[in-house]
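Enquirer: One structure, pasted below without further comment.
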Number of protein chains: 2
Amino acid sequence: MLIVKKFGGSSVADAERVMNVARIVTDSYREGHEVVVVVSAQGDTTDDLIAKAREIDPNANKREMDMLLASGEQISISLLAMACEKLGCPAISLLGWQAGFRTDSKYSVARIKKVKAERIRAELDKKKIVIVAGFQGLNKYDDVTTLGRGGSDTSAVAIAASMHADLCQIYTDVEGVYTADPRKVPNARKLSEITHDEMLELATLGAQVLNNRSVEMAKKYGIELEVLSSLKKAPGTKVKEVTNVEKMLITGVAKDTSIARIEIVGLPDSPGVAFKVFALVAQAHVNVDIILQSVGRDGTKDISFTVPENDGAKTVEAIREYCERKGATSINCDTDLAKVSVVGAGMETHEGVASKMFEALADANINIQTISTSEIKISVLIDRKDADRAVLSVHDKFFDNED
Amino acid sequence: MLIVKKFGGSSVADAERVMNVARIVTDSYREGHEVVVVVSAQGDTTDDLIAKAREIDPNANKREMDMLLASGEQISISLLAMACEKLGCPAISLLGWQAGFRTDSKYSVARIKKVKAERIRAELDKKKIVIVAGFQGLNKYDDVTTLGRGGSDTSAVAIAASMHADLCQIYTDVEGVYTADPRKVPNARKLSEITHDEMLELATLGAQVLNNRSVEMAKKYGIELEVLSSLKKAPGTKVKEVTNVEKMLITGVAKDTSIARIEIVGLPDSPGVAFKVFALVAQAHVNVDIILQSVGRDGTKDISFTVPENDGAKTVEAIREYCERKGATSINCDTDLAKVSVVGAGMETHEGVASKMFEALADANINIQTISTSEIKISVLIDRKDADRAVLSVHDKFFDNED
């Protein structure tokens, strides 16, 4: 089998952990598999490098930031290759560009255009374990780019897709995907299987087990993922197109406390106004989530929508001039909110999921501000201070009954 | 003018020093020069990376060591580029391979084969300060190589040679080349000019201001070097083919305390034996310095020679089997010695330099064990404990009279 294994920064944080990863990798190699390993930078390396740059210039040139940050994976891949060789298995490390990662030129958030995997293939044919720097690539100017946080997951899936790997294993510090955050919800259960769509909703909703671009890519190319622990040898959670387990009503409860709600009051109720607002937001490269539009007084309308918390100020900046010119009476950015969601392919064919969720929130005396639904997801906006209680109550409502 | 400037690791050790270097570089750029900067890894970065590797495997794969160590310069070049931009000048960092460094495949001690400087030229034409990672290149397999310690000097000279630069400035933590180590010899004087040959002898003899490969290359391509301080604005020492100052009798006194003497006693006095011994040493990639051969007892001969101290054990290993088979009665490795040398193009045309040196040593009651001479250098081996006293006495003898 051709297996791609990805290890995050905490899995290779020090020499001992690097050796631990090398053991997992060489065990798999000795079982006769072809093994490609994707590694992130060690532990806090990326944060340390960012701090170094900030000392010089808090708004450093993005090309140079990518050059700087890409050094982190260079360290971890070479150390892991040494560790595999120490354990008696031939290994070779490859930088993003050597492994054939070609990206667009959006420094710090580059997208993979293709993986020219000839070099990886050649090294596998020489019976080597191939260790690839995640998170990085090369643009058309032959300059180093990075994929942004969590990009190593995407690197792993991109290799799996381009080489038609049989399996892509994402090793993390948790044992798999849970019905809720196990640190917060004592009854949270590990799922043995989940569909890409469900995983995608969970990832998008703040359950940061997998980077969502990586899940999108895995779905598009039909790659089977497995999320498992690098510290404990146990089966993880398989993310696959069709799951064999009987469909659960919902697979998980997630919260996202890193959101901001933008509220614009008093826009004219005429065609094209909302379109223009969201066009401006898109130009600022901000992703909009839950949108609510309501009729205001005197032929005006109010628009509110959520964005990532970090983009809140930027979003207001992007729309202020237009909205004020159009007569808006206020533009607010509210960061006291959280989004709590239930996800599950099962809800497509079951009724009553929404009412059960609202009942759980009512039981906990939590006020719902906004509701948003899709085929396999129901999200609500609530006060941020109520988020953990909301997750607990909703989780209990759906999962305790099933025991 | 096209100027290449090289800064060592201590010159860019922290954010403050990086800004200091950026000021030197941008000042030169603002004067209208085209500036290419070569930088080493920050401060102790290389040592820290070596320590990381040793934790995993003290004898780590050399290809992977080069991959690991090359990350050090990646950090310093990007930080320096940010600092130059912060000061308002456009700058771009380039890795060894991006700057066109092609090397042979001897990992950890690679030699530069050529510098394809098209990218550097293109960035200069865009009016950018170009900041290049020293110490590293790419071999024919597209794998990262490093040039070995001090290799950044060589990187700088190689760029200067391939681009026909007008000047190559090597910034260090000293103010230039001195007649002796100023920390040890209070009367040591800074030289305003020195020839490549003199510099080469000084470098080879342990006065580690410049890497000797870089001086060899500068001599070969007729590159004018300048050694100067990155911390104090003052003229340094120019290293050029013909110096304008009246030739001094000697230009400097140097010591090398990192040597080992190998002694082989009782080899047969037959043709080809010495040749074979040195062939074995060469195969072990060890450089031999002072050789002494003497007649032993009963038709045997003794051979002694010096090697770098770190190579002592390896050298004995390389020759032991052959020497014992040939009947040698002992092979010793002696590390209690130091080499003290006087260097100066002036001695080619002056007599009495050797006797003056020996007189100085006799005055200090220091015993000479071995003597070696070349056109512009006289070296003696003495007890290592006497090395500092020897340098002081010899320096006084040659330089105090001239005042």
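Enquirer: Would you be able to tell me the number of residues in region B:89-111 that are within 7 Å of chain A (Cβ to nearest Cβ) and not in a loop (DSSP other than H, G, I, E, B)?
Expert: The qualifying residues number 1.
Enquirer: Give just the number: which of (1) part of a helix (DSSP H, G or I); (2) crowded, with 21+ Cβ neighbours inside 10 Å does residue A:362 not satisfy?
Expert: All conditions are met except number (2).
Enquirer: Counting only residues that are of a type in the set (Gly, Ala, Ser) and not in a loop (DSSP other than H, G, I, E, B), which one in region B:60-83 is farthest from residue B:40 (Cα to Cα)?
Expert: Ranking the candidates gives B:83 first.
Enquirer: Taking only pairs six or more apart or across chains, which ones have beta-carbon atoms under 8 Å, a first residue in region B:65-77 that is within 13 Å of residue B:143 (Cβ to Cβ), and a second residue that is acidic (Asp, Glu)?
Expert: Taking only residues 6 or more apart or on different chains, the pairs are B:66/B:143; B:67/B:143.
Enquirer: Within region A:189-203, how many residues are within 11 Å of residue A:252 (Cβ to Cβ), at pLDDT 85 or above and crowded, with 20+ Cβ neighbours inside 10 Å?
Expert: Counting residues in region A:189-203 that are within 11 Å of residue A:252 (Cβ to Cβ), at pLDDT 85 or above and crowded, with 20+ Cβ neighbours inside 10 Å gives 4.
Enquirer: Filter region B:303-351 down to the residues that are in a strand (DSSP E or B) and of a type in the set (Ser, Thr, Tyr), then identify the one that is nearest to residue B:265 (Cα to Cα).
Expert: B:330
Enquirer: Sort out which residues of region B:19-39 are within 14 Å of chain A (Cβ to nearest Cβ) and touching a strand residue (DSSP E or B) at 6+ places or on another chain (Cβ under 9 Å), and write them in order of number.
Expert: B:21, B:22, B:25, B:26, B:37, B:39 - these are the residues of region B:19-39 that are within 14 Å of chain A (Cβ to nearest Cβ) and touching a strand residue (DSSP E or B) at 6+ places or on another chain (Cβ under 9 Å).
Enquirer: Within region A:273-304, which residues are within 24 Å of residue A:111 (Cβ to Cβ) and touching a Leu at 6+ places or on another chain (Cβ under 8 Å)?
Expert: Once the filter is applied, which keeps residues that are within 24 Å of residue A:111 (Cβ to Cβ) and touching a Leu at 6+ places or on another chain (Cβ under 8 Å), region A:273-304 yields nothing.
Enquirer: Checking residue B:323 against (1) surrounded by fewer than 16 Cβ atoms within 10 Å (Cβ to Cβ); (2) farther than 22 Å from residue B:371 by Cβ: exactly one of these is not met. Which one?
Expert: Every listed condition holds for residue B:323 apart from (1).
Enquirer: What are the residues in region A:263-296 that are of a type in the set (S, T, N, Q) and over 31 Å from the mean Cα position of the chain (by Cα), if any?
Expert: A:270, A:294
Enquirer: Follow-up. Kindly indicate the residue of region B:65-81 that is within 8 Å of chain A (Cβ to nearest Cβ) and among the hydrophobic types (A, V, I, L, M, F, W, C) and also surrounded by the most Cβ atoms within 10 Å (Cβ to Cβ) among those meeting that condition.
Expert: Only one residue fits best here, namely B:77.
Enquirer: Give the residue, chosen from B:86, B:114, B:140, that is more than 22 Å from residue B:170 (Cα to Cα) and more than 10 Å from every other protein chain (Cβ to nearest Cβ).
Expert: Result: B:140 is the single residue among B:86, B:114, B:140 that is more than 22 Å from residue B:170 (Cα to Cα) and more than 10 Å from every other protein chain (Cβ to nearest Cβ).
Enquirer: Among the residues of region B:43-63, is any touching a residue at least 12 places away in the same chain (Cβ under 8 Å), within 22 Å of residue A:61 (Cβ to Cβ) and touching a helix residue (DSSP H, G or I) at 6+ places or on another chain (Cβ under 7 Å)?
Expert: yes
Enquirer: Pick from region B:357-403 the residues that are basic (Lys, Arg) and touching a helix residue (DSSP H, G or I) at 6+ places or on another chain (Cβ under 6 Å): which of them is nearest to residue B:305 (Cα to Cα)?
Expert: Filtering region B:357-403 for residues that are basic (Lys, Arg) and touching a helix residue (DSSP H, G or I) at 6+ places or on another chain (Cβ under 6 Å), the one nearest to residue B:305 (Cα to Cα) comes out as B:377.
Enquirer: What's the number of the only condition in (1) within 28 Å of residue B:167 (Cα to Cα); (2) within 12 Å of chain A (Cβ to nearest Cβ); (3) under 23 Å from the mean Cα position of the chain (by Cα) that residue B:45 fails to meet?
Expert: (1)
Enquirer: Can you name the number of the only condition in (1) buried (at least 18 other Cβ atoms within 10 Å of the Cβ); (2) more than 21 Å from the chain's Cα centre (by Cα); (3) modelled with pLDDT of 90 or more; (4) of a type in the set (A, V, I, L, M, F, W, C) that residue A:239 fails?
Expert: Evaluating residue A:239 over (1) buried (at least 18 other Cβ atoms within 10 Å of the Cβ); (2) more than 21 Å from the chain's Cα centre (by Cα); (3) modelled with pLDDT of 90 or more; (4) of a type in the set (A, V, I, L, M, F, W, C) leaves (2) as the failure.
The values are calculated or read from the model by the stated rules, or taken from the named source; none is laboratory data. Remember, it's a predicted structure, so these values are computed and weren't measured experimentally. Every residue, glycine among them, receives a Cβ derived from its backbone with ideal geometry; neighbour counts consider all protein chains shown.
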